[in-house]
Amino acid sequence: MRAARTPRPAAAPLACAAAASLALALALTACGPPSTSVPYTVDEVVVPAGQTIIIDLGEITPSVGDDWRLTTSPDAAVLTEGEVRAETEGDDGATGTPTTLGWAFDAVAPGTTTIGFTYSYRGEDGDPHGRVEEPEPTIVVTVTD
């Protein structure tokens, strides 16, 4: 004689709910605020509040020592702290693999602020080898209503 089986909840509805939640999260991420991309060589830029500004730092090769760092943080009342956006071509971390680098900031409220970056090569600030157009750019960002 077999023992009575206790019915288990169906896994399919839970899996479907999880998949729907993931799909919604991905859709919301993809539908973020509009963005404006500008090269790091601009002196100033104007963006409306609610928009993301991406400072395009160009192509670097981290495996040979190329890097950029934020040296002047924006006023937090005007722009968010920012985040690095890197897109590696080919295998991530492979020697000689170029990476397109940007820094994204969300415009949170009207005002004017300054952000600054420094290029470095093999841990040394500056650009003794002429790899970038402007090794210490400063950009004035004005956020409007």
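The values are calculated or read from the model by the stated rules, or taken from the named source; none is laboratory data. Since the structure is predicted, the reported quantities are computational estimates derived from the model, not experimental observations. So basically every Cβ, Gly included, is an ideal-geometry build from the backbone, and we count neighbours across all protein chains shown. Just so you know, the surface numbers come from the protein's heavy atoms only, side chains and all, with ligands and any DNA or RNA stripped out. Shrake-Rupley method; radii C 1.70, N 1.55, O 1.52, S 1.80 Å.
Residue-wise test of (1) closer than 20 Å to Glu134 by Cβ; (2) in contact with a Cys (Cβ under 6 Å, 6 or more places away or on another chain); (3) at pLDDT 95 or above; (4) of a type in the set (Val, Ile, Thr).
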| position | (1), (2), (3), (4) |
| --- | --- |
| Arg2 | no, no, no, no |
| Pro7 | no, no, no, no |
| Ala12 | no, no, no, no |
| Ala20 | no, no, no, no |
| Glu44 | yes, no, yes, no |
| Ile55 | yes, no, yes, yes |
| Ala76 | no, no, yes, no |
| Glu89 | no, no, no, no |
Say whether the condition of being open to solvent by 60 Å² or more (accessible area, probe 1.4 Å), at pLDDT 95 or above and in contact with a Gly (Cβ under 6 Å, 6 or more places away or on another chain) is met by at least one residue in the range 92-112. no
Considering only residues that are more than 18 Å from Ser63 (Cβ to Cβ) and open to solvent by less than 40 Å² (accessible area, probe 1.4 Å), which ones fall in the range 120-134? Gly126
Among (1) open to solvent by less than 60 Å² (accessible area, probe 1.4 Å); (2) modelled with pLDDT of 95 or more, which single condition is Val64 missing? (2)
Pick out, from the range 44-145, the strands (runs of 3 or more DSSP E) lying fully within it that include 1 or more residues that are closer than 24 Å to Pro33 by Cα and without any contact (Cβ under 8 Å) to a residue 60 or more places away in the chain. 52-60, 66-72, 83-88, 99-106, 111-121
Quick check, is Pro34 at pLDDT below 60 and exposed (fewer than 14 other Cβ atoms within 10 Å of the Cβ)? no
